[in-house]
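Only one structure is covered here, and it is reproduced in the block below.
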């Protein structure tokens, strides 16, 4: 009975591992709005939602989770309380790590982006709008597999006021294959293990020299 139970556990873990590796992570952002317009502060949509799901072969959804604005606020507060050491993270991340992160190969399967931006200088506003429009138009083709006009829409509109203003309305679906995520996780775990091994080795050498 014990062997049968162990065998069932091994089979279950193997099946779960295969399902994860053959799945796609979908991150769906709905009704996100950010603005510093005074007249819009009370009207800002605080009912945005972030949906996270795993879909087998990018078709059969078998795991999902929804985070609304209240849950996201609680998560943000917990992260602030934990005091993340960003300086240490920046020191640990190298150029090779950034190249590895690119291997995640995220894809955008849906985009609805409406942006309004304005600076105190009209000329700079026009230049900024032009730069943002060109950056989106050049970057988007690298983040989509198949272009469908009804699934991709964006606009950048200039606002001419005597102050710096912005407003962003954002709906998006980002897809990342889990096999790419697992490869990145394995890479960083391996790097961390090697780093810890080097630190232990150097400490042993230091202790060895102290007895001389």
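The values are calculated or read from the model by the stated rules, or taken from the named source; none is laboratory data. The shown structure was predicted, so the numbers you read here are calculated from the model rather than taken from an experiment. All Cβ positions, glycine included, derive from the backbone under ideal geometry; neighbour counts span all protein chains shown.
Residue under question is residue 129, and the condition is that it be on the phi < 0 side of the Ramachandran plot and in contact with a helix residue (DSSP H, G or I) (Cβ under 7 Å, 6 or more places away or on another chain); does it hold?
Spelling it out, it is not the case that residue 129 is on the phi < 0 side of the Ramachandran plot and in contact with a helix residue (DSSP H, G or I) (Cβ under 7 Å, 6 or more places away or on another chain).
Within the stretch 44-64, is even one residue surrounded by 11 or more Cβ atoms within 10 Å (Cβ to Cβ), part of a helix (DSSP H, G or I) and at pLDDT 75 or above?
Taking every residue of the stretch 44-64 in turn, none turns out to be surrounded by 11 or more Cβ atoms within 10 Å (Cβ to Cβ), part of a helix (DSSP H, G or I) and at pLDDT 75 or above.
Hey, among 70, 169, 87, 74, which residue is at pLDDT below 85 and either within 19 Å of the chain's Cα centre (by Cα) or in a loop (DSSP other than H, G, I, E, B) (or both)? Working first, answer last.
Working: 70 fails: either within 19 Å of the chain's Cα centre (by Cα) or in a loop (DSSP other than H, G, I, E, B) (or both); 169 fails: at pLDDT below 85; 87 fails: either within 19 Å of the chain's Cα centre (by Cα) or in a loop (DSSP other than H, G, I, E, B) (or both).
None of the other options fit; the residue is 74.
Each row is one residue, and each column tells you yes or no for (1) assigned to a helix (DSSP H, G or I); (2) surrounded by 13 or more Cβ atoms within 10 Å (Cβ to Cβ); (3) at pLDDT 90 or above; (4) out of contact with any helix residue (DSSP H, G or I) (no Cβ under 6 Å at 6 or more places or on another chain).
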{"site": "156", "(1), (2), (3), (4)": "no, yes, yes, no"}
{"site": "176", "(1), (2), (3), (4)": "no, yes, yes, yes"}
{"site": "183", "(1), (2), (3), (4)": "yes, yes, no, yes"}
{"site": "186", "(1), (2), (3), (4)": "yes, no, no, yes"}
{"site": "192", "(1), (2), (3), (4)": "yes, no, no, yes"}
{"site": "196", "(1), (2), (3), (4)": "yes, no, no, yes"}
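Which residue is nearest to the chain's Cα centre (by Cα), if the candidates are limited to the stretch 117-154 and must be part of a loop (DSSP other than H, G, I, E, B) and touching a residue at least 40 places away in the same chain (Cβ under 8 Å)?
Initially, the stretch 117-154 is screened for residues part of a loop (DSSP other than H, G, I, E, B), giving 119-121, 144-148.
Among the residues that remain, those that are also touching a residue at least 40 places away in the same chain (Cβ under 8 Å) are: 119-120.
Details: 119: 29, 120: 32 Å.
Once the filter is applied, the top-ranked residue is 119.
Here are some conditions: (1) crowded, with 16+ Cβ neighbours inside 10 Å; (2) closer than 30 Å to residue 55 by Cα; (3) touching a residue at least 60 places away in the same chain (Cβ under 8 Å). Residue 168 meets all but one. Which one does it not meet?
Here residue 168 clears every test but (1).
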